[in-house]
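Please read the structure below before turning to the comments.
What follows is calculated from the coordinates using simple rules that are stated; it is not laboratory data. Everything numeric here is computed off the predicted structure, so don't read it as measured data. So basically every Cβ, Gly included, is an ideal-geometry build from the backbone, and we count neighbours across all protein chains shown.
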Amino acid sequence: MDTRKRTVFFFVLFTVFAAIVYSAYQQAPPKAGTSTCDPDCEEHEQANEQDKPGVLEGKIEQIDQKTATVIAIQLEELSSKDCANQIANYLAQLGNIGIIKCDMATKRFEVQYNPDKVSKDQILKAFAEAKHPGKIISEL
């Protein structure tokens, strides 16, 4: 194949490839968290509301509801859901922990536990070991 035919072949090949990529790019859905609307529109405001941290809740294990106690713990720092999950993992290692709730906005945890088998100090130690120390603010 001579040089001119080869150049035309690669030019056509490149043009077709570029057209395919451009077409795929145009048809791709927008990434999560991005919006093509005006920042002042309602859709944009609703998306921002969904991105705000909320309340996370999970059940570690089934415990006797008759003997269960709930304490509220205020954390000094809590920056992400990953941090909350790390704390939940440390609490799970204690055992006898029921339902936990984490309010990301207020940095407050509620921990349901069996006081006959786990102490408040053990729970606070688990928070400290997870590198998120806190203090008990109430017993619910």
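Among the residues of the range 107-130, write down those that are without any contact (Cβ under 8 Å) to a residue 24 or more places away in the chain and farther than 23 Å from Ile63 by Cα.
Narrowing the range 107-130 to residues without any contact (Cβ under 8 Å) to a residue 24 or more places away in the chain: 117, 119, 121, 125, 128.
The one that is without any contact (Cβ under 8 Å) to a residue 24 or more places away in the chain and farther than 23 Å from Ile63 by Cα: Ala128.
Checked against (1) touching a strand residue (DSSP E or B) at 6+ places or on another chain (Cβ under 8 Å); (2) more than 15 Å from Ile87 (Cβ to Cβ), Ile136 meets all criteria but (2). Applying the condition of being of a type in the set (S, T, N, Q) and closer than 15 Å to Glu139 by Cα to the range 66-124 and asking which residue is surrounded by the most Cβ atoms within 10 Å (Cβ to Cβ) yields Gln112.
Can you work out which of the residues in the range 98-140 that are assigned to a helix (DSSP H, G or I) and of a type in the set (Gly, Ala, Ser) is nearest to Ala88 (Cα to Cα)? Per the criteria, the residue is Ala126.
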